[in-house]
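Encoded as structure tokens, the structure appears first; notes follow it.
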Amino acid sequence: MRLVTSERLDVLDELRVPYELVADADQAASEPTDSFPLPGFAVLRQTDRAHAPRLRWPSDSSHIAGSSRLHHIDGIPFFARLIPDSVLRELSIQHGWVAAVDVLDEAERRVGSVWREPDGSLVLPFGPNEAIRNLTMERYRHLDGPGDAQRSSGFALRAYYLLRPLLPRRLQLAMRRLFSRIQARTSFPRWPFEPARHDLARRIYSFVVEITDAPPPWIAPWPGPYSWALVLTHDVETAVGYDKMLEICALEEARGYRSSWNFVPRRYRVEDARVEQLTHRGFEIGIHGLYHDGRDLESVEMIRERLPAIREYADRWGASGFRSPATQRQWEWMGLLGFDYDSSFPDTDPYEPQPGGSCSWLPFFIEDLVELPITLPQDHTLFVILRRADASTWIDKAHRLRDRGGMALMLTHPDYMTDPTIESAYVSFLDEFRRDPSAWQALPRDVAEWWRRRAASHLEPSGDGWRVVGPAAHDAAIQTKPPS
Ligand SMILES: [Zn+2]
């Protein structure tokens, strides 16, 4: 099967589905075409099939009136501009299209449709790239619609973080718990599990399947034989955590795990001998801000000012990854810090000072940077703010991520593990998955390295099937079932 498209489709790129990009994909086949051109729409079709139906969607460059809003398709929430039925109705009557799938607005009213042409071609009323990017890049946070609770609490929350150093600890906690109740009312992203982005990708893949002979092949997200990934990371906040961390290392080693430890270079003393010893034992070291003052990503000027010092510590410790304090993040700036990977985007976290999330449980690229999203709730949120008593939220979510072939990336702090409830919950979590042969227990730097190799590899026809070509050829697995 050969696919051609006139425009990149992010969902297919992420899956590594093979296709060719050609400007006039609509007419590129030698076979006659039943379909008429639709200006402003991108097109995908199979070339080695006569009268192949098309999948069309509004081109990235086409002008759609209005702003991106919340919609639903088959119960999946997404944010995008929409070409409503009222605009496409005339075309649909002219060409005999039928409404195949409803697109609903926030109030569950039907406002648009995926149209089916008489030859089986499909027309999407929204741009799939826009819909996926609005989630990954957290653009939905600045759109109309849900998140109003977040916005109204935004000012109070900023004021709180400004005043926090002046407040006694008990009052700090009481206020955080109060905010958490407001934050919990956020309707999107849902917490602790938000499948919208991956559900939408799967739905778009299913539209591609509808217009092709067979499901297009793609490269599995994880190296064989693994079906999901489990990644343990820690941020060492203060000297208290620095003193506690070796106990946690021992707990992990006893269960066959290794993890990454993100240090703050200028907040407490980090001994070279400690770094050497951890590295020797198979742990990874990363950087967790320069001072942990929430200012590293304040402006491009600040990044430039701090960069030499940050790079110096990264080189000294062999650190290839960065975790921003308080998950502070700015899509366009993360790459300026010069790391191989960043791990500062939650998938969903309404409780952080910067609430939201990428809705992704797989790594993704920010330009040339690999982003490894934090996909399990943080220990402080779960046990201190929400006062949970055990590991069940962690374990439940990890099971759901395992079912969907995702990456369970955990962030805990040795500083809080001085609390026996948190430490024993962590140990239960480790015990739950220690003998799971389907889990790739990997260091974040290994996941980033794999993600680059996978992205640099592609599928080529081979005999009756397909083969992986490129740096992931020896350990990548080929899939033809729908992505999960
Ligand atoms: Zn921190």
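Here is how the numbers come out for the structure above:
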item: Given (1) in contact with a Pro (Cβ under 7 Å, 6 or more places away or on another chain); (2) among the hydrophobic types (A, V, I, L, M, F, W, C); (3) over 27 Å from Pro483 (Cα atoms), number of the condition Ile422 does not satisfy; result: (1)
item: Close pairs from the range 185-199: first of a type in the set (Lys, Arg), partner in a loop (DSSP other than H, G, I, E, B), Cβ under 6 Å, at least 6 apart; result: Arg197/Cys359; Arg197/Ser360
item: Subset of the range 320-336 (residues that are away from the ligand (no atom under 15 Å from the Cβ) and in contact (Cβ under 8 Å) with a residue 40 or more places away in the chain); result: Ser320, Trp331
item: In the range 248-269, the residues that are of a type in the set (A, V, I, L, M, F, W, C) and buried (at least 20 other Cβ atoms within 10 Å of the Cβ); result: Ile248, Cys249, Trp261, Phe263, Val264
item: Number of the exception - Gln354 against (1) modelled with pLDDT of 95 or more; (2) within 16 Å of the ligand (Cβ to nearest atom); result: (1)
item: Residues located in the range 71-99, provided they are more than 21 Å from Ser358 (Cβ to Cβ) and in contact with a Pro (Cβ under 9 Å, 6 or more places away or on another chain); result: Leu82, Ile83, Pro84, Asp85, Val87, Leu88, His95, Gly96, Trp97, Val98
item: Failed item, numbered, when Met410 is tested on (1) outside any loop (DSSP other than H, G, I, E, B); (2) within 21 Å of Ile219 (Cα to Cα); result: (2)
item: Residue count, the range 258-288 (criterion: in a loop (DSSP other than H, G, I, E, B), within 16 Å of the ligand (Cβ to nearest atom) and within 20 Å of Leu232 (Cβ to Cβ)); result: 4
item: Matching residues in the range 288-342 - criterion: being among the acidic types (Asp, Glu) and within 22 Å of the chain's Cα centre (by Cα); result: Glu332, Asp340, Asp342
item: Of residues in the range 248-257 being part of a helix (DSSP H, G or I) and among the charged types (D, E, K, R), the one nearest to the ligand (Cβ to nearest atom); result: Glu252
item: Residue list for the range 234-247, filter: buried (at least 22 other Cβ atoms within 10 Å of the Cβ) and away from the ligand (no atom under 15 Å from the Cβ); result: none
item: Checklist (1) touching a strand residue (DSSP E or B) at 6+ places or on another chain (Cβ under 9 Å); (2) in the same structural domain as Arg116 (by TED's automatic domain parsing); (3) within 16 Å of Pro483 (Cα to Cα); (4) of a type outside the set (S, T, N, Q) applied to Ile211, failing item; result: (3)
item: Tally of residues being within 16 Å of the ligand (Cβ to nearest atom), touching a helix residue (DSSP H, G or I) at 6+ places or on another chain (Cβ under 8 Å) and part of a helix (DSSP H, G or I) across the range 305-319; result: 1
item: Residue within the range 405-424 that is more than 16 Å from the ligand (Cβ to nearest atom), more than 29 Å from Glu253 (Cα to Cα) and in contact (Cβ under 8 Å) with a residue 60 or more places away in the chain present; result: no
item: Check on Glu130, at pLDDT below 95 and either assigned to a loop (DSSP other than H, G, I, E, B) or in contact with a strand residue (DSSP E or B) (Cβ under 6 Å, 6 or more places away or on another chain) (or both); result: no
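One line per residue, one yes/no per condition, for (1) exposed (fewer than 15 other Cβ atoms within 10 Å of the Cβ); (2) touching a Pro at 6+ places or on another chain (Cβ under 6 Å); (3) not in a strand (DSSP E or B):
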{"residue": "Asp436", "(1), (2), (3)": "no, no, yes"}
{"residue": "Trp440", "(1), (2), (3)": "no, no, no"}
{"residue": "Pro471", "(1), (2), (3)": "no, no, yes"}
{"residue": "His474", "(1), (2), (3)": "yes, no, yes"}
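The values are calculated or read from the model by the stated rules, or taken from the named source; none is laboratory data. Everything numeric in this text was worked out from a predicted model, so none of it was measured. Using ideal geometry, Cβ is built from the backbone for each residue, glycine included, and neighbour counts are taken over all protein chains shown.
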